[in-house]
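Q: Would you mind keeping the following structure in view while I ask a few things?
Bear in mind these aren't lab numbers, they're just calculated from the coordinates by the rules spelled out. Please read these numbers as outputs of a predicted model, since none were measured by experiment. Every residue, glycine among them, receives a Cβ derived from its backbone with ideal geometry; neighbour counts consider all protein chains shown.
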Amino acid sequence: MKKKETFRVRVVSCIHPETYKYFLRDDFVDKFWKILGEKYEKKVSVLGLVSIETEAFIFQSNALLNPVQVMRKKKCKDKDVEEFHKFINFTE
Amino acid sequence: MKNKMYSYDKNYCRRKIYDQNVIVHCHRYNARMISTIEDTTQIDGKKIVLDSAEYSFGNILKTAMTGVSSKSEKIKIASDTYSYLGLGKLVLDSIDSGNVQAATSHIVSGWLATFGNVTRPVCSITAGYIRALAYLLNGTPVEVTETKCIGLGHEQCEFLISEKKGKPLEENVTGFTFPKADVTGIKPIESNVNSEHIHNTLFDMEFVGNDEGLIPMFNSYLASIPEDFYNLVSIKYVEELDKIHLRHFAQKRLIYAAEVCGMNTFYGIINSQEWEALVKPMLRDTKDMLVGMAAVATGLGWGKFFLEKVEDQNHMSFVTEYSYESVGYRKFRNLPAKDSTCLMFRGVTAGIVELTYSSGTLQEKFGTYDAIEPTCCATSSDGSLCKLVAVSIK
């Protein structure tokens, strides 16, 4: 059976117009959070939302850990987005 | 430091930082409100914003620095507090030589999100904050000028501190307190939403700036800004324009700013993961959306705000108790207000009702409801309730 590929849906956000929810491949979700969690602090809010903040992005999800809302920070550049898309194996 | 800084008062539905009431608004509203005031050419709007920021942030910083004698420690407190509030990141290393920088800015983020571009320095709130800090450090009032702004493409905002003649800023505080409301017969509409749960959850949450000194929540950048700031800018804006017979113009502009942002910001809120986690599971019908939005507003420290009645989708009423605008008016002015003071609430009421009941795109929804305030407790000395009524004008 063909694995469902990563896709994204645009989200209304006043933080950045290019805010999306990325629906990761099921077999990549745990790996995604593990790899990021090794380098950055993983937080869980009172609302049960899981988030990791890097220099360029804020990644946030509910307890299911997928989809992941990705908010671009001020420092985020095109190359950061390219690297992120490569990391999660996403192409438009 | 976190526990010492933040507290809340469930009675008045207020969030407090260093014991000063703060209101949580988003970056778009803050930018639009400041632009409304500063870009009104008939008055010196920038002075209103600067002075109000200096006064209100001065009170927070004064409390924060109680018992602290070391200058370097005071500077650190000021820098940490600025970021904690979600205003951005201040660089205070050279404050003694009259130079301050800001590496990030809540207001610039809001300005760009709202207007698309910045054509002049816009960080008057920050300049007012620095004025307050400089006075607390050195005991003499100063002037602060923003010479570079991130919004204009500079790497960071830069501020120049210079000498200022005159006395320190003061405001008359009346000491007026509202009597407890008689809430007989006034209660929230029955709904599927547990508003108290939403209030409690939000009040239990500290909103803290991240490594950029910004607070990304509810699909927006939030900031905690002193209640006194919002009230002083609003009161003085209306008063200054009243002097030249433009009172209603001033009120309409402030209502408009709140309505635009009420609609746009709450659109972001109801599409946020925070809303999904906290409110969405309780929603069963249309009015539940309004109940949920009002409960979130309460949790942001605006005062108790609830939907009272829905006559039909063309006419509905809300109630606020100890709304920050009516309380603020009587705090700074001895006499009862001439007319409705809850201009932000009027705008937001119209905005959220439009979002919920009107159809089409956001642009098509906008302006389809009007919100009046038939009862504002600031216009009398009885009780603490204000009533807001939204009526369809399509």
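Q: Expressed as a fraction of 2.2 N^0.38 Å, the rule-of-thumb size for a compact globular protein of N residues, what is the C-alpha radius of gyration of region B:99-193? The partial results should precede the final answer.
A: Values: Rg = 20.7 Å, N = 95, 2.2 N^0.38 = 12.4 Å.
Compared with the compact-globule rule of thumb, region B:99-193 sits at 1.67.
Q: Continuing with the same structure: Using a Förster radius of 45 Å, what is the FRET efficiency between A:ASN62 and B:SER72 based on their Cβ-Cβ separation? Nearest 0.05, please. Intermediate results must be reported in sequence, preceding the final value.
A: Details: r = 43 Å, r/R0 = 0.95.
Once rounded, the FRET efficiency stands at 0.60.
Q: To make sure I understand, if each residue's beta carbon is the centre and we count other beta carbons within 10 Å, what order do B:TRP275, B:TRP302, A:TRP33 fall in, fewest to most? Show your work: numbers first, answer last.
A: On the way: B:TRP275 22, B:TRP302 27, A:TRP33 19.
Listed from fewest to most nearby Cβ atoms, that is A:TRP33, B:TRP275, B:TRP302.
Q: Less than 15 Å Cβ to Cβ from B:GLU73, Lys/Arg counted +1 and Asp/Glu -1: what total charge do the surrounding residues give?
A: Net charge in that neighbourhood comes out at +2.
Q: I've got another one for you. Please report A:HIS16, B:HIS199 as a ranked list, fewest other C-beta atoms within 10 angstrom at the top and most at the bottom.
A: B:HIS199, A:HIS16
Q: GNM on chain B, C-alpha springs below 10 Å: top fluctuator among B:THR286, B:THR40, B:THR119?
A: Between B:THR286, B:THR40, B:THR119, it is B:THR119 that shows the largest mean-square fluctuation.
Q: Taking the Cα centre of each part, how many Å lie between region B:179-241 and region B:305-326?
A: Here the two parts' Cα centres lie 15 Å apart.
Q: If you don't mind, another one. With each pseudo-label sitting 7 Å past Cα toward Cβ, what's the B:THR361-B:LYS243 distance in nm, one decimal?
A: Roughly 4.2 nm, to one decimal.
Q: If the cut-off is 19 Å between C-alpha atoms, which aspartates and glutamates fall inside it for B:LYS167, apart from same-chain ones fewer than 8 positions away?
A: Straight-line reach from B:LYS167, under 19 Å: B:ASP51, B:GLU54, B:GLU143.
Q: Would you please name the trypsin sites (Lys or Arg not before Pro) within region B:211-276 that are DSSP coil residues with at most 11 other C-beta atoms within 10 Å of their C-beta?
A: Listed in order of number, the matching sites are B:LYS243.
Q: For a quick check of your reading of the filter: which trypsin sites (Lys or Arg not before Pro) in region B:1-75 sit in a DSSP loop and have no more than 16 other Cβ atoms within 10 Å? Could the numbers behind the result be given before it?
A: Numbers: sites: B:LYS2, B:LYS4, B:LYS10, B:ARG14, B:ARG15, B:LYS16, B:ARG28, B:ARG32, B:LYS46, B:LYS47, B:LYS62, B:LYS71, B:LYS74; in loops: B:LYS10.
Here the trypsin sites (Lys or Arg not before Pro) that fit, given the DSSP loop and packing criteria, are B:LYS10.
Q: Can you list the GluC sites (Glu not before Pro) in region B:74-163 that are in a DSSP coil and have 12 or fewer other beta carbons within 10 angstrom?
A: Numbers: sites: B:GLU143, B:GLU146, B:GLU155, B:GLU158, B:GLU163; in loops: B:GLU155.
Passing both the DSSP loop test and the Cβ count: B:GLU155.
Q: Please compute the modelled spin-label separation between B:ALA103 and B:LYS187, points set 7 Å along Cα→Cβ, answer in nm with one decimal.
A: 5.3
Q: If you don't mind, there's one more thing I want to ask. Would you mind checking region B:171-193 for residues with the amide N under 20 Å from a putative spin-label position 7 Å along Cα→C-beta of B:LYS309?
A: Counting only backbone N, you get B:181-192.
Q: Which one of B:VAL118, B:VAL183, B:VAL238 has the biggest mean-square fluctuation once chain B is modelled by GNM with Cα springs under 10 Å?
A: B:VAL183
Q: Can you work out the FRET efficiency for the pair B:ASP9 and B:GLN156, with r the C-beta to C-beta distance and R0 = 45 Å, to the nearest 0.05? Present the calculation step by step, with values, prior to reporting the outcome.
A: On the way: r = 36 Å, r/R0 = 0.81.
According to the calculation, E is roughly 0.80.
Q: Then there's this: Can you give the three extents of the C-alpha atoms in region B:40-117 along their principal axes, from longest to shortest, in whole Å?
A: So the extents along the principal axes, rounded to whole Å, are 42, 25, 24.
Q: Within a 10 angstrom radius of the beta carbon, how do B:MET282, B:MET33 rank from fewest other beta carbons to most? Could you put the intermediate results ahead of the total?
A: Details: B:MET282 17, B:MET33 24.
Lowest count first: B:MET282, B:MET33.
Q: Please give the residues of region A:57-88, grouped as numeric ranges, whose backbone N is less than 17 Å from a label point set 7 Å along the Cα-to-Cβ vector of A:ILE35.
A: A:57-60, A:66, A:68-70, A:79-88
Q: Report, in deg cm²/dmol and to the nearest 500, the calculated mean residue ellipticity at 222 nm for chain B, where each DSSP H run with n ≥ 4 adds -39500 (n - 2.57) and the sum is divided by the residue count. Please list the in-between numbers first.
A: Values: 14 runs with 173 residues, N = 394.
Using -39500 (n - 2.57) per qualifying helix, the result is -13500 deg cm²/dmol.
Q: For B:SER380 and B:ASP19 in one chain, what is 0.36 nm times their gap in residues minus the Cα-Cα distance, to one decimal in nm? Show your work: numbers first, answer last.
A: On the way: separation 361, 0.36 × 361 = 129.96 nm, distance 2.73 nm.
Stretched fully, the B:SER380-B:ASP19 segment lengthens by 127.2 nm.
Q: Which entries in B:LYS180/B:LYS331; B:LYS309/B:LYS365; A:LYS21/B:LYS304 show an alpha-carbon gap greater than 26 Å? Don't jump to the answer; show the numbers that get you there.
A: Details: B:LYS180/B:LYS331 16 Å; B:LYS309/B:LYS365 21 Å; A:LYS21/B:LYS304 33 Å.
The pairs that break the limit, which is 26 Å between Cα atoms, are A:LYS21/B:LYS304.
Q: With label points built 7 Å along Cα→Cβ from the Cα atoms of B:ASN194 and B:ASN117, find their separation and express it in nm.
A: 5.1
Q: Quick one: plug the Kirkwood hydrodynamic radius of chain B (C-alpha pairs) into Stokes-Einstein at 10 °C, 1.306 mPa s, and report D in µm²/s.
A: Numbers: Rh = 21.2 Å.
So the translational diffusion coefficient is about 75 µm²/s.
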